[in-house]
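Engineer: Pasting a structure below so you can have a look.
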Amino acid sequence: MVSDLFQALWDFLFPAHCPLCHKYVKNKGDWCETCLRQVCQPTRLPVPAPMQPVAGSAWALCLYRGGMRDLLRRLKYRRQQSALPYIHRLLAAADADKGIAALLAWSEVAVPVPLHASRERLRGFNQSEQIFAVWLQVHGVPMVRALQRVKATLPMYELTPEQRRENLKGAFAVCAAASLAGKHVLLVDDILTTGATLGACAREIKRAGAAEVRVLVLASDHRC
């Protein structure tokens, strides 16, 4: 009874609103329909050069700009998991896309891009797991921590393509207990920019015997 009254008071003082236009919505985590359509645009992307030929295809659910960029920065850099319900609503909206439905049906196992142990301790979670794990489970795709980041790497945004390749050399390894041989592996991450990190991960998964690797990210600044 007390908790119900507290929740009612909280909802009155802090009503739910769309994260993009701030229009009031019914439930926490909801978007208004206009902004949801604007942000959730599942797209098959051209596979960036660093991911070729080890990634069979690449998909993004959203364009990395505006409200989507703000949500991801809140989650990654300010560790605000209050951003997750909005992100999970976007994933649910992507269910209606035939390309995404086919990608999920194809996938036998999902592997998140790992953080280095020191980075994950500092952040408190791996954002790729937080974004995708529940949604993938609903679709019958198990998420497995098959990769580990064995070398702490420098931030990629200030590096040249050659420096990125050198930075990622030997950074990832498939866990000894992982069983990926012959499987269709969906590699998931929050953002696709140059594709260098995803390419390095996909390469290790292929070396472990995976039949094929495809990539799914929440957001990307690439478009066809």
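The values are calculated or read from the model by the stated rules, or taken from the named source; none is laboratory data. Owing to the predicted nature of the structure, the values given are computational and were not obtained by experimental measurement. Note that we place each Cβ from the backbone using ideal geometry, even for glycine, and neighbour counts take in every protein chain shown.
Matching residues to (1) of a type in the set (A, V, I, L, M, F, W, C); (2) in contact with a strand residue (DSSP E or B) (Cβ under 7 Å, 6 or more places away or on another chain); (3) modelled with pLDDT under 95:
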{"residue": "Lys98", "(1), (2), (3)": "no, no, no"}
{"residue": "Leu103", "(1), (2), (3)": "yes, yes, no"}
{"residue": "Ala110", "(1), (2), (3)": "yes, yes, no"}
{"residue": "Val134", "(1), (2), (3)": "yes, no, no"}
{"residue": "Pro142", "(1), (2), (3)": "no, yes, no"}
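Engineer: Give the residue, chosen from Ala146, Ala219, Ala196, that is touching a Cys at 6+ places or on another chain (Cβ under 6 Å) and within 30 Å of Val39 (Cα to Cα).
Structural biologist: Just a single option satisfies the conditions, and that option is Ala219.
Engineer: Could you identify the single residue in Tyr24, Tyr64, Tyr86 that is surrounded by 12 or more Cβ atoms within 10 Å (Cβ to Cβ), more than 30 Å from Ala173 (Cα to Cα) and either among the hydroxyl-bearing types (Ser, Thr, Tyr) or at pLDDT 95 or above (or both)?
Structural biologist: The match here is Tyr86.
Engineer: If you don't mind, there's one more thing I want to ask. Restricting to region 196-222, and then to whatever is over 17 Å from the mean Cα position of the chain (by Cα) and of a type in the set (D, E, K, R), can you tell me which residue is farthest from Gly170 (Cα to Cα)?
Structural biologist: Checked region 196-222; the qualifying residue farthest from Gly170 (Cα to Cα) is Glu212.
Engineer: Within region 1-19, is there a residue that is more than 27 Å from Leu187 (Cβ to Cβ) and either assigned to a strand (DSSP E or B) or modelled with pLDDT of 95 or more (or both)?
Structural biologist: Taking every residue of region 1-19 in turn, at least one turns out to be more than 27 Å from Leu187 (Cβ to Cβ) and either assigned to a strand (DSSP E or B) or modelled with pLDDT of 95 or more (or both).
Engineer: Would you say Val39 is closer than 26 Å to Lys206 by Cβ and surrounded by 20 or more Cβ atoms within 10 Å (Cβ to Cβ)?
Structural biologist: No: the conditions fail for Val39.
Engineer: Give the residues of region 178-196 that are over 20 Å from Phe132 (Cα atoms), small (Gly, Ala, Ser) and either touching a Ser or Thr at 6+ places or on another chain (Cβ under 6 Å) or in a loop (DSSP other than H, G, I, E, B) (or both), sorted by residue number.
Structural biologist: Listed by number, the residues that qualify are Ser179, Ala181, Gly182.
Engineer: Kindly indicate whether Val113 is in contact with a helix residue (DSSP H, G or I) (Cβ under 9 Å, 6 or more places away or on another chain), farther than 30 Å from Ile205 by Cα and either surrounded by 13 or more Cβ atoms within 10 Å (Cβ to Cβ) or not β-branched (Val, Ile, Thr) (or both).
Structural biologist: Here the answer is no, as Val113 does not meet what is asked.
Engineer: Against the definition (more than 14 Å from the chain's Cα centre (by Cα) and either more than 22 Å from Pro142 (Cβ to Cβ) or loosely packed, with under 14 Cβ neighbours inside 10 Å (or both)), how does Gly56 come out, yes or no?
Structural biologist: no
Engineer: Just the residues that are farther than 22 Å from Glu212 by Cα and of a type in the set (Lys, Arg), please, taken from region 86-141.
Structural biologist: Selection gives Arg89, Arg119, Arg121, Arg123.
Engineer: If you take the residues in region 89-104 that are loosely packed, with under 14 Cβ neighbours inside 10 Å and charged (D, E, K, R), which one is nearest to the chain's Cα centre (by Cα)?
Structural biologist: By that ranking, first place goes to Asp95.
Engineer: Something else: Could you tell me whether Ala196 is out of contact with any Lys or Arg (no Cβ under 7 Å at 6 or more places or on another chain) and either among the aliphatic types (A, V, I, L, M) or under 23 Å from Ser118 (Cα atoms) (or both)?
Structural biologist: So Ala196 does not fit the description; no.
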